[in-house]
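Below is one structure, written out as structure tokens; the observations come after it.
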Amino acid sequence: MKISMKLIIGLGNPGPQYFNTRHNFGWLALNYLQDSLPGFSIWETSDKFKALISEGQIGNEKIILVKPQTFMNNSGQTVKLLADFYKIDPSDILILHDDLDLTLGQIRVSQNISAGGHKGVASIIEKLGTKNFARLRLGIKPEKQSFLSKFLSPLTQRGAWGVKTSAEKFVLQKFSEKEREIVQQTTQKTKEAILLILKDGLTAAQNKFN
């Protein structure tokens, strides 16, 4: 039986200072996936692809798990290098990333939509020349109303410099002790969504998790 190949890429920033920050939610979810799946290789540094790579197989799919080491805003460099080398179509790429529009604990399965202000995703769209790839968006917005909630909704409307700065600072903050339990639950749910995408396709995952 023919083996196909897919890229699953978690977005984040390299370096210990960024570990467990909201902007690195994609990495946290990918780490959980890699840890909990049998047969995947340990993370190895690839200078060629500017990434940490782990390879394995799920069913008849060869899977390459990827954590770009380019910093968030240049994530597209790694994605483009891998897609070109392995001749992987954008439709066989799944991106895991944080999303300010979703409440912490929520996930959304999407495809062929705009970056929505996420610079890592914007970089990927620019380098691939298309937005026709799958995304698993992981919510990071606080559950309760706070000063941030008041700023986030006007963010896309006004584009005010001060508002944008507040949001950028927020995504680089670490998850609180209380939030980490929700984060753990979300990484487990993300794994379920990924396995369903691989087994039954995007629509099945959207029907269950969106």
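The values are calculated or read from the model by the stated rules, or taken from the named source; none is laboratory data. Since this is a predicted model, take the numbers as computed values, not measurements. All Cβ positions, even for glycine, are placed from backbone atoms using ideal geometry, and neighbour counts span all protein chains on display.
Computed quantities for the displayed model
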| quantity | calculated |
| --- | --- |
| Of residues in the range 41-60 being exposed (fewer than 14 other Cβ atoms within 10 Å of the Cβ) and either in contact with a His (Cβ under 6 Å, 6 or more places away or on another chain) or among the β-branched types (Val, Ile, Thr) (or both), the one farthest from residue 88 (Cα to Cα) | 42 |
| Qualifying residue in the range 61-70 (condition: surrounded by fewer than 19 Cβ atoms within 10 Å (Cβ to Cβ), more than 16 Å from the chain's Cα centre (by Cα) and either within 27 Å of residue 168 (Cβ to Cβ) or of a type in the set (A, V, I, L, M, F, W, C) (or both)) | no |
| Pairs where the first residue, in the range 33-61, is farther than 14 Å from residue 81 by Cβ and the second is of a type in the set (Phe, Trp, Tyr), C-beta under 9 Å, 6+ apart | 33/40; 34/40; 34/43; 54/40; 54/43; 55/40; 56/40; 57/40 |
| Search result, residues across the range 1-38 that are under 23 Å from residue 90 (Cβ atoms), among the aliphatic types (A, V, I, L, M) and not in a strand (DSSP E or B) | 3, 11, 29, 30, 33 |
| Evaluation of residue 135 against (1) assigned to a loop (DSSP other than H, G, I, E, B); (2) touching a strand residue (DSSP E or B) at 6+ places or on another chain (Cβ under 6 Å) (one fails), failing number | (1) |
| Filter result for the condition that a residue is basic (Lys, Arg) and not in a strand (DSSP E or B), over 67, 80, 62 | 80 |
| Meets criteria (surrounded by 15 or more Cβ atoms within 10 Å (Cβ to Cβ) and at pLDDT below 95) for residue 100 | yes |
| Failed item, numbered, when residue 42 is tested on (1) outside any loop (DSSP other than H, G, I, E, B); (2) modelled with pLDDT of 95 or more | (1) |
| Pick from the range 106-123, criterion in a helix (DSSP H, G or I) and in contact (Cβ under 8 Å) with a residue 60 or more places away in the chain, ranking: surrounded by the fewest Cβ atoms within 10 Å (Cβ to Cβ) | 121 |
